[in-house]
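Some notes on the structure that comes next.
The values are calculated or read from the model by the stated rules, or taken from the named source; none is laboratory data. Please read all numbers here as calculations on a predicted model, not as lab measurements. Quick reminder, even Gly has a Cβ in these numbers, built from the backbone with ideal geometry, and neighbours come from all protein chains shown.
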Amino acid sequence: MGMDRLIFGILAIAVGLGGLFYASAAHDGYSYFVGLVMFFGAILFMFSLINSHFDEVEKTH
């Protein structure tokens with residue numbers, strides 16, 4: 001696991017949590033939707049980081 005993946009993972013966690021807080025404080029539907037999109041985007045990005053890590057491990061074996 002490279003340091004870049006670790007940094008991007010921590011940033012994705014921060015963006016995901018920020019999106020959840022943004023959605024929870026929303027007073028209209030648009031802000032709620034934007035917060036949830038941020039959260040689910042961060043989840044998808046984390047899965048892509050995990051996938052690229054295991055692809056790299058599989059390539060070396």
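Filtering the range 3-28 to residues that are within 18 Å of Phe47 (Cα to Cα) and loosely packed, with under 11 Cβ neighbours inside 10 Å leaves Met3, Asp4, Ile7, Ile10.
Just a yes or no: is a residue in the range 35-43 aromatic (Phe, Trp, Tyr), assigned to a helix (DSSP H, G or I) and at pLDDT 95 or above? Steps first, answer last, please.
The first filter runs over the range 35-43 and keeps only residues aromatic (Phe, Trp, Tyr), leaving 39-40.
Then drop every residue that is not assigned to a helix (DSSP H, G or I), which leaves 39-40.
Next cut, at pLDDT 95 or above only: 39-40.
Yes, the range 35-43 contains a residue that is aromatic (Phe, Trp, Tyr), assigned to a helix (DSSP H, G or I) and at pLDDT 95 or above.
Pairs linking a residue in the range 26-43 that is farther than 22 Å from Leu11 by Cβ to a residue that is among the hydroxyl-bearing types (Ser, Thr, Tyr) and loosely packed, with under 13 Cβ neighbours inside 10 Å, with Cβ atoms under 9 Å and 6 or more positions apart or on different chains, are Tyr32/Ser24.
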